Structures are given as structure tokens and as C-alpha cells.
1. Would you confirm whether or not segment B:113-120 contains a residue that is assigned to a loop (DSSP other than H, G, I, E, B) and more than 9 Å from every other protein chain (Cβ to nearest Cβ)?
2. Restricting attention to segment B:82-110, which residues are touching a helix residue (DSSP H, G or I) at 6+ places or on another chain (Cβ under 8 Å) and at the interface with another protein chain (Cβ under 7 Å from one of its Cβ atoms)?
3. Going through A:730, A:752 one at a time, which residue ends up being at pLDDT 95 or above and over 30 Å from residue B:106 (Cα atoms)?
4. Considering segment A:517-534 alone, what residues qualify as being closer than 15 Å to residue A:493 by Cα and free of Cβ contacts under 8 Å to residues at least 12 places away in the same chain?
5. Answer yes if at least one residue in segment A:813-827 is modelled with pLDDT of 65 or more, within 28 Å of residue A:676 (Cβ to Cβ) and outside any helix (DSSP H, G or I), and no otherwise.
6. Mind checking which residues of segment B:130-139 are more than 7 Å from chain A (Cβ to nearest Cβ) and either surrounded by 18 or more Cβ atoms within 10 Å (Cβ to Cβ) or assigned to a helix (DSSP H, G or I) (or both)?
7. Can you find, within segment A:525-545, the residue that is nearest to the chain's Cα centre (by Cα) among those that are buried (at least 16 other Cβ atoms within 10 Å of the Cβ) and farther than 17 Å from residue A:652 by Cβ?
8. Taking only segment A:471-485 into account, find how many residues are in contact (Cβ under 8 Å) with a residue 40 or more places away in the chain and either buried (at least 20 other Cβ atoms within 10 Å of the Cβ) or part of a helix (DSSP H, G or I) (or both).
């Protein structure tokens, strides 16, 4: 009772100043709790809260949102129920407008549900055609908007929705706009053989046709076939860029590709389907359901509508995403039992397309994306897949005509196809890592074995894989293991431990362990490894702070090195260092060193590394303090700049990841130049090419080129700012031309350096060839070839990005462009680091 | 009013700032491409946020480990470790600052809630680091949540400190093992 009174008085105050949504929420909460205290014969003095009945709009919204999600309910029944509620309550504005909005969003946000949503509209049409008019109006507007800005995936999805509704359209329905799209594609292809937008349009057309042909509509075979005849030339001709995006490139320069173009496959599939009266057995037909003859008649007699008023712009845009030809990629190609549809099966591309769209569209909620993936069997025809979590070995027992496709394999395959998309996937690589992680978390027992087989396939083929993909695989592998207790059956690769370090498989193992350690620590990783691997992790990796070589009396300039370190620690002023530098240089000259400055640079930079070895913040603070002198060293000569890199990487030789981060920061400070880094890694220290097998070298070179490319991109972004004055524009154009030239030169440094390794032109290599086994020499050449491919592609991508971007119309003002500002001048920003970090670092320093 | 988005986004800030500011940023705000509902964004202190608060780290997780994971979402401009106010040792949180807002959002989406050093970490958009915020605000110098935690967490110094102190006092008074 007391309880009640207290609450009541609180409730009374609620209407006062507090107000707002919070008050309301609190109220309902307290009311629910109150139930527990309710006594039947107690007279409740409070006004009774109205019994809460969920508005129909909310109920239906929930039903629509969860359509087809449940494996135990029949989606056809839900479709019919929802259609009925909608038709009967069309007067309910909240319900109707809510549904129409939901359809517009669901289509592009949850593409797997399109056939089911369309079926609701289809059934609703026979009962309340007005609702169809509303839906078509809104969908038409949305489609037009996406068409105008060139968002082709969304265009494809809206067309898919409309394709599923082909049965309610008058005349040719959707085919008119498909024909229009084709004519644009044909124009584009006519203009240039390198055009890829035309390919995208053809893909949109070809991906729409199966949904039309599996819809309730009939009698459109002629239209479909005539369209297919036209698309054939475009879809089946190999695109010049296909070799660029081949995941398993031909080692022969200019040789044919090993992988099939997804578009050419799709064209073939559709032609096959046309011959087989459009069986399309994997697609769902939620409009079918069980109906009385009467209802069936109503459906056929339902009012027809004209196709929404949509026009394809005369000049079609590439849109925000660069378009490259798509290659069909599967990690389950080499198995004795077919666990995913083979590339020659229509289902392969139809399912893949829907899954990759789902993955890419839902990047803002990886959990939901993963849920869709694990529920894949709900969204396709029944019996498309075997039951979930069927073990691989049990697939042998599947008899008759039934497919042996494992849903887990199909989704893992789709996720990998996106992670390993060339030249670049739609999102950051780590997104795809996270989707795979979530999928594993949702269904560990089912997904883990599928992942295992995927890993084995990728590892088996790592030597013929594109180098960039091998790096992505490596990065994913280590990151994935870090989320699952670092457990992997290392025993199965034990034999490969004896391979030479430059063998791609051995290199993979070494670098995978290194990456695991970077995310963890070496003792932990050692604990997960069988004996033969232990030797791959040196004792030195255990040390958090590597030894300072000048602490060893036998190191030349040991005393001066220690002195420099002390001075850096006590934050000596720049001038104080000068005498020590002079001393080292005099002694070095006296002992006959040709470039004495290198000795002082080494002592200085090594000391910075040692003093800063406590943490990255310490290292950065040290660099910041010594910036002035470092800049002076850097501007002295290219040899000095290279010595800085040598000293850093030598100090961090057992934890190369840290070294690379420091070099990255030195690049930001412009203490190092991109060219220095590239020459150092690919010419001076490449060691006949052995460095090319190291991931840290790849990372160093990639981050350097990325910085340079980022600078070009930010200038392009600036040029494309609306309302730019002419002289400013000219200025930027000049800057761009200059940066483009710099970028070109840098890429040609790489090209020349790795090209000469590929072609075996290294002098050193000739001399030492007797010591080197022929096998190893071939491996090094192969590394050179792989590097050359990757960086040629990176250059081509950047170059074409600039051209495409500049050819686009300048956007209307208000548009905000988010271009990453990797300007090298940003050092000022990075330079404020010390001040902010200062306290923590100082405090720590004093403890020493 | 119904939400027009069908799937919740993971790159929304937690209620930390919204509660602080006593204002509501609808989690269900319509997408910007719909052109509506932007009025709340005008004065949203997090609309350009490039910094993340990262929580539930192990005390033993190093800057290098954090850098390795978080640089997967973009170049890191600054990393500030959370320290015990008195001991100046890591106390299980940090601030990661990126160069762009997009990188920070991506980090919320792709890294928040995944594991680092075998712990599920938490990320939250943050208005930006300020001197002083790197220190724990708990009574004994660490984070507040580590004062009264009654579960043993080996990655975060065992039992909560207040609980632990009480435990020790009891042991002293009544002898160990009670």
C-alpha cells in the first residue's frame, strides 16, 4: 500500500516541468510493474490506463518486416494475410502510407525479401487496386531518383520489385524500360570498348529478367528472348579490364584469364533458362499459395495498371561506385561433392547476387546482415538447399535429384567473394571480416566447418592467387582467429614449415603468425602452435622493448649512442646534440667511413626508437621533440633519409609492424619522402626479392602509394567543389597535374624495381645464383611478377578514378564530400600530438 | 510517427551524450537521403565526431595492439590510453581519433562489439579528447566500473577495488579462508 501511495505522488508530478518523451516512457514502465501489486478487490482510485491495443498499422508493419524470416511458417500464408489486412483497411491512412513507405525501403535494404513484398502487393491488387496505385507511385519516384544519379544496384532492386509485379501491368510492362536501358548500354559500348557502365546496365537487365519470368505473369517469352539476343554481344564479349580483376591471374603476362566473367555466365544462364521454359527452380514463388478457384479468378481478373512513369536519362551516370567487370569467384570449386551451385548453374549467380547485395547494403548492421545470411534458405524456393548444418560427409547420402548445396557454404562463399573482390570491395575490408565473425557467432557449429574448407581452399591456392587477395586473405585469417581464441588446426600444414621462406605458403604461415602476434602477444600465440612452428617465432619477439645496440660496448659509437639517448630522454635542446653528432662524424671519417653522416643518423634514430619503445605514443612524442633535427638529417641527402628507415626497421626487426607504423608517421611529417621509402624497400634492401615475400614490406609500399593517391584524390575533391573561382581552379588544376606526375613516377619506381626481379635482371641474383637453388630463384621471380600486377592495377585504378571523377558534372552546392585528407602538410595536425599526449608520457618517463 | 528505416544502425552514439545533454537524437532518424529530419543534426555535437571512446579493454592491452585493430578502419591520427589517475598505468579504456568522421562511423559498425585481445570491446562516438579525460574517474584511480565489480576479471585487475578492499579487510579481521 505504501508502495502504491509513493508511486502515485510521483505520478502526479509527472505532468509538470519534466515533461517530454521521457516522462511518458517512465509512466508506462511503472504501470507495468504496478500489475504485480494489483489486488482484485482493491478499489483503484487512479484513472485506469486504457488497455493498450497495438494499432493495426504497427502490427502489419511488424508482419511485413518479418516476412519470410521464419523457417517454420509458410511465407505464402503470411503474404495472403497481410494482403487481406491491407485491402480491408485501406481507409486506415497510417496503415496504408506506412506500408507504402516500408515497401520503398525494404526493397533496397532487404533485397532478399523483394519477391515476398511484391507478392503482398500482387494479392492486394485483386482486392484493393488503389493500394497498388499508391505503391507504384512511390516506387516509380524512388526508381527515377536512383536512375538519375546512377545508383545502379538500387535501380536493379526496384526493377526487380517491379519485375515481380509484371502480371499486373498493361501491355509490355517492364520490358519498355529494359529496352530503354539496353539502348543506353549499346550507345555506351559503341562509343568505347573500355566502357564498363554499359556492362552494368546489361547486368541490371539480365538480373531483372529471371524475376519477371518467375512472376505471376505469363506470355512474355518472346520479349525476354529478343532482349537476350540483343544483350548477347555486350555480355559475352570479354572486357579489356577483366584480366585486371582476375583473382587467379595467368602468370604469363597478357595470357588469358582463368576465371569467368559473371556477366557472360549470366547471359549463358538466361539463354539456357529460355530453352528450358524458364524453370528458374531456385527462385521463390510466394504469389502461388493455395487458393480457391474463385480467388484465383479474382487474381487474373484484377485491375491492370500502367507501368510507373519512369524515364532513363539521356546521359546515364556512373554513380558513386566505380564499376569494374565482375568475375565469378568461389572457394568451393574443387570438392568431390557440390556444396554450392556450380558456375554453370543459374542458381549460382541469382543467389550470389541477392546475397552480395544483402551484405553490401547492410554494412550499417553486420548482425542483421549475418542473420539474413544464415537464413538464406528461407528466401529461396524450398529444397534449394540441404537442411542447415548438414555435415559435409552426410551430403553423400543425399539421393536422387535433390541438390547438395549447403546453405553455410553458399553464404561463406558469398562473403568471401565480396572480401576478395578486385580491384576493391564496396566497403572497408574489415566489414567483411565482421560479417563472417557474426555469421560464425550465430551458427558456430554449422559455419565453422564451412569456413575451414574455405580456408583450406584459399591456402592451397595462395601461390597462384593475386597478391593483393593473398594479403587480404592473410589479414582476414589472423583477425578472424583473434576473435575465436586463435584456434586453428595448424597440424595440417606442418609439412609446409620446411619450405623455403620465400615460398608463398611458408610466407603465409610466417606472416599469419606475425599478424596474430600483433593483435595479441607472442607467448599467447606460441601456446596455440604445434612444436614445428615454435622455431618460427624468435625469442626476441617476446621483448616489449628491443635491446639498444649502443648499450653493448663493442658497438661502434656506443658511448655517443648512449649519450644521445640520455639527451633525448631529458629533452635536450636541438643545439646540444650538435657536438655529439660532430664527434661521431669525425670518428667515422677517421675510421674511413665514406658517409660519416650515416653513423650519426643511425645513432640518433636508433636512440629515438629506444627511448620511444615503451609505446607508440612515446615514440611519436620523441619524434615530435626531435623533429627539427630529423628534418635537417632528411634534407641532407637521400642516403641519410634511407638511413633513417634502416635504423627504424633494424631496431624493430622483430616487431616489423611497429616499425612500419613509425615510418608511416615519418612520412606524415615529411621526414621521409615516398620515393625514399619505395627505393629503400624495393631496390636497396629488397635482397634479391626476398623482401617481396614479407607482408610488412607490402604494407609499407601500399601505405606509401595510398598516401600519394590520397593526396591526388583530395585535390580532385577540391576541384569538384561547387562554386570555385576560376583562378583557384587553375591553381588546383596545376597542383593536380603535378601530383599526378609524382604519382606516376612513384608507380614507375615500383614497376621498374619489381619488374626487374620478375625478369631476373638483378645483378646480385646472377652472381649468387650458384648459392641459390633454382627453385628459390623462380619463386622470387614469381613474387616480382605478382607485385608488378598489383601495383599496375593500383595505378590504373587511381588514374581512371581521376579521369572519371573529373568528367562528372560538378555537384550542386549543398552536397558534402567526405574525402580523406591525407595531405602531407597535415603534419601540423599530427604535430599537436605531443602536447596532448604530454602528461601521460611525462609521468611515465619519470618512473624510469 | 514510424521509423522509415527497416534495420537499426550500429553507428549511432550510445545514450551517454544524449543523456548528458538531456536531449534525444532519435535512433530512428530517417536517412539523410530522404531529406527530412535533419533539424536535430544542426546542433548535434557528434555529427562530425572523429574520436571514439573504446571501453572494456584489458589492462594489459597495448597501444600497438589497439593500433593494429583500429587502423583497419582508417589511418589513426591519435591514440590516447586511459590511465589510472594515481598509478599512471592503463586502466582499460582509450580514445582513438581518426582523420575523418566516416572512419569513426565505420569503426562503430565494424569493430565495436568485436574482440581485441580476446575481450569484446565497446566503442562509442565521442566529442573529442580533452586533457584530463585520459584518467579514470573511480575513487581509487581506475574506471568507476572497476570499483564495485563483484565478478573476478583477470584482464581488469581481478575484483572491483572497493569490493577487493572490503574482502581484504574481512580476511584480516577474521582470518583468511572465511
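The values are calculated or read from the model by the stated rules, or taken from the named source; none is laboratory data. Keep in mind the model is a prediction, meaning the values are calculated, not measured. Cβ coordinates were reconstructed from backbone atoms using ideal geometry, including for glycine residues, and neighbour counts include every protein chain displayed.
1. no
2. Within segment B:82-110, B:83, B:88, B:99, B:106, B:109, B:110 qualify.
3. The conditions single out A:752.
4. A:531, A:534
5. Checked against the condition, which is being modelled with pLDDT of 65 or more, within 28 Å of residue A:676 (Cβ to Cβ) and outside any helix (DSSP H, G or I), segment A:813-827 yields no hits at all.
6. At the first step, the residues of segment B:130-139 found to be more than 7 Å from chain A (Cβ to nearest Cβ) are B:130, B:132-133, B:135-139.
Once the filter is applied, which keeps residues that are more than 7 Å from chain A (Cβ to nearest Cβ) and either surrounded by 18 or more Cβ atoms within 10 Å (Cβ to Cβ) or assigned to a helix (DSSP H, G or I) (or both), segment B:130-139 yields B:135, B:136, B:138.
7. Among them, the one singled out is A:525.
8. 10
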